[in-house]
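A short worksheet on the structure shown next.
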Amino acid sequence: MASPAITVVQGRLAKLAIQSKLPAIYYNRGFTEAGGFLSYGPKASDFNWRRAAAFVDKILKGAKPAELPVEQPTTFELVINLKTAKALGRTIPQTLLLQADQVIE
């Protein structure tokens, strides 16, 4: 679950998963960059900040927040950490590697 309380310890959580030999999959790239196995989720820079700015703009122009539609992300990213995969003894299929937005080696 996305939460500031979780995000601040993402490196520690990734390390614990590796120590426990768990090929954990995370919701954002920060975990994978911190040593996690794999992440798949909304591209935070596109969804969170840009969409938030659009909502603020609408509210400042007079829109009622309660009447604004709920939006879902449309852009997702897959990040794979090959160093962690090797440490866990996992092989990532080439087809998945080709689909990844980023492969950390």
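Counted residue by residue at 0.36 nm each, then reduced by the alpha carbon distance between them, the extension gain from residue 95 to residue 58 reaches 9.2 nm.
At 1.4 Å probe size, put 77, 33 in order of accessible surface, largest to smallest. Can you show the working numbers first?
On the way: 77 20, 33 110 Å².
Listed by decreasing accessible area, they come as 33, 77.
In the chain, what is the count of Lys pairs whose alpha carbons are under 16 Å apart, counting only pairs at least 8 residues apart or on separate chains? Don't jump to the answer; show the numbers that get you there.
Values: 15/83; 15/86; 21/83; 21/86.
So the count works out to 4.
In the complete set of protein chains, residue-level accessible area for residue 92 is approximately 20 Å², probe 1.4 angstrom. Of the solvent-accessible surface of region 1-82, computed with a 1.4 Å probe and all protein chains present, 63% belongs to carbon and sulfur.
Calculate how steeply helix 51-60 sits against the longest principal axis of the alpha-carbon atoms of the chain, using the helix alpha-carbon long axis, and give the answer as 0 to 90 degrees to the nearest 10. That works out to roughly 10 degrees. Bridges between two residues of the chain, per DSSP, are antiparallel at a rate of about 50%. Rounded, prolate or oblate: pick one for the chain, where a ≥ b ≥ c are the square roots of the eigenvalues of its C-alpha gyration tensor, a/c under 1.5 means rounded, and failing that, prolate if a/b is larger than b/c, else oblate. Cα axes put the chain in the prolate bin. Working from Cα positions, state the angle (0 to 90°, nearest 10) between the long axis of helix 10-19 and the longest principal axis of the chain. Taking the Cα atoms of the chain, the angle to 10-19 is about 30 degrees.
The values are calculated or read from the model by the stated rules, or taken from the named source; none is laboratory data. If you're wondering where the values come from, they're calculated on a predicted model, not measured in any experiment. SASA here: full protein model, heavy atoms, side chains in, ligands and nucleic acids out. Shrake-Rupley method; radii C 1.70, N 1.55, O 1.52, S 1.80 Å.
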